[in-house]
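Each remark here refers to the structure printed beneath this line.
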Amino acid sequence: MIIITRPHVTDAEVDHIRERIEMLGLRTHLSRGEARTIIGCIGDEALLQEAALLSIPGVESVTPVMKPYKLAWREFSAGPTVVQVGDRAATRIGGRALAVIAGPCSVEGREMLRQTAGAVRAAGAGLLRGGAFKPRSSPYAFQGLGEAGLRMLAEVRAETGLPIVTEVMDTRQVEMVAEHADVLQVGARNMQNFSLLSELGRVQRPVLLKRGLSATIQELLMAAEYVMAHGNRDVILCERGIRTFETATRNTLDVAAIPVLKAETHLPVLVDPSHAGGRASLVAPLSFAAIAAGADGLMVEVHPDPQRALSDGDQSLTLDAFAAFMRALRPFADAAGRELAAPAADLREAA
């Protein structure tokens, strides 16, 4: 159930509405807009059927919720969610500005990570990605550096100021990864790991949730609902391509999912063109399409020497290629009415 208040409702009236709902056995979620406030009622809506909600002072309208993903549903929020990242909240995902997350698939060493971070920051990326724990199809493939990789990521963040995005694979890792990272990523293979999603709902870190290999849009939103229902409302969705009959690309980028998600949810939507295409040459055109379709940002794999990368070298851009990619992206961002951060070199010149 969604309750929309009258314009300029008072705090006392809002508190009274919430008290009435919670007395009936439901929980409430508050979303404030410029003029009105939306109060979401979470629980068994049948308990509200006999309640005279419209008679409560400050209530303008009452709408039943038919969606199974109540918290993630667009109508449950007064506006699009903007997720603030980092201690100073200087980085935002959602809103007008496009977020660009860039870095290697795997953390392979301190110098390699430092070189990559400096280059992607100079090109205009706002966040650094890097896997410390890597879920691989083969048990014999490189699995990541683990906690040592997390420490390297934290060190490079201190040097560059770039917030860190890295994957967490297991409930036992959540506390350790949250101690080092700014955004906790849930990979496609773990999208329906409900124990992990529930645990991530209890931490105070944004969660980047990748769509599963064969997951429907509703299943993706229900996975987000798991995180949100346990208390963490800072969820970022990521379309990274789905498994189809097509073999020309690593996965099939579901461009249509972007506007569908933007219509269904208030949560920000990113696109991972690297995993979708599986080849470096496809990263730029897929990114252009994603921005045109309404994505709030991109997650791109970058490596100083892709030929020597321990994982996903074929889909990784070189440092120079990423700088050129960011320059090519700007006209598409402008055409979509979005902002793209200026390269760090340009900011120094302007200063």
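The values are calculated or read from the model by the stated rules, or taken from the named source; none is laboratory data. Just so it is clear, the model here is predicted, and its values are computed rather than measured. Ideal geometry is used to build each Cβ from the backbone, glycine not excepted, and the neighbour counts take in all protein chains shown.
Could you identify the single residue in VAL107, VAL100 that is modelled with pLDDT of 95 or more and closer than 13 Å to VAL165 by Cα?
Criteria check complete, one pass: VAL100.
Does region 195-232 hold any residues that are touching a Leu at 6+ places or on another chain (Cβ under 9 Å) and of a type outside the set (A, V, I, L, M), and which are they?
Within region 195-232, ARG205, PRO206, LYS210, ARG211, GLY212, GLU225, TYR226, HIS230, ASN232 meet the criteria.
Out of curiosity, is GLU264 surrounded by 24 or more Cβ atoms within 10 Å (Cβ to Cβ), among the charged types (D, E, K, R) and in contact with a strand residue (DSSP E or B) (Cβ under 8 Å, 6 or more places away or on another chain)?
no
Filter region 312-335 down to residues that are surrounded by fewer than 19 Cβ atoms within 10 Å (Cβ to Cβ) and assigned to a loop (DSSP other than H, G, I, E, B) and give me whichever is modelled with the highest pLDDT.
Checked region 312-335; the qualifying residue modelled with the highest pLDDT is THR318.
Residues checked against (1) closer than 23 Å to GLY187 by Cβ; (2) at pLDDT below 90; (3) crowded, with 20+ Cβ neighbours inside 10 Å:
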position	(1), (2), (3)
ARG36	no, yes, no
ILE39	no, no, yes
LEU47	no, yes, no
ALA52	no, yes, no
GLU60	no, no, no
LYS70	no, yes, yes
ARG92	no, no, no
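So, in region 3-24, how many residues would count as being touching a residue at least 24 places away in the same chain (Cβ under 8 Å) and either part of a helix (DSSP H, G or I) or under 25 Å from the mean Cα position of the chain (by Cα) (or both)?
6
Quick test for you: out of ALA78, ALA90, pick the one residue that is among the aliphatic types (A, V, I, L, M) and out of contact with any strand residue (DSSP E or B) (no Cβ under 8 Å at 6 or more places or on another chain).
Just a single option satisfies the conditions, and that option is ALA90.
Sort out which residues of region 107-129 are within 19 Å of the chain's Cα centre (by Cα) and either free of Cβ contacts under 8 Å to residues at least 40 places away in the same chain or more than 20 Å from ALA341 (Cα to Cα) (or both), and write them in order of number.
LEU128
Per-residue answers, yes or no, for (1) farther than 17 Å from ILE93 by Cβ; (2) of a type in the set (Asp, Glu):
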position	(1), (2)
ALA229	yes, no
ALA248	yes, no
THR265	no, no
VAL269	no, no
LEU286	yes, no
ALA290	no, no
ASP296	no, yes
ASP314	yes, yes
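What are the pairs with Cβ atoms under 8 angstrom where one residue, in region 49-71, is more than 17 Å from GLU19 (Cβ to Cβ) and the other, located anywhere, is basic (Lys, Arg)? Sequence gap at least six, or different chains.
Cβ pairs passing all conditions: GLU60/ARG6; GLU60/ARG36; LEU71/ARG233.
Which one of these is within 21 Å of VAL9 (Cα to Cα) and of a type in the set (Lys, Arg): ARG92, ARG32?
ARG32
Which ones in region 235-252 are within 22 Å of VAL100 (Cβ to Cβ) and either surrounded by 21 or more Cβ atoms within 10 Å (Cβ to Cβ) or without any contact (Cβ under 8 Å) to a residue 60 or more places away in the chain (or both)?
VAL235, ILE236, LEU237, CYS238, GLU239, ARG240, GLY241, THR249, ASN251, listed by residue number.
Conditions: (1) on the phi < 0 side of the Ramachandran plot; (2) modelled with pLDDT under 90; (3) surrounded by 12 or more Cβ atoms within 10 Å (Cβ to Cβ). GLY43 meets all but one. Number of the miss?
If we test GLY43 against (1) on the phi < 0 side of the Ramachandran plot; (2) modelled with pLDDT under 90; (3) surrounded by 12 or more Cβ atoms within 10 Å (Cβ to Cβ), just (1) comes out false.
Going through GLY212, GLY231 one at a time, which residue ends up being small (Gly, Ala, Ser), at pLDDT below 95 and not in a helix (DSSP H, G or I)?
On inspection, the qualifying residue turns out to be GLY231.
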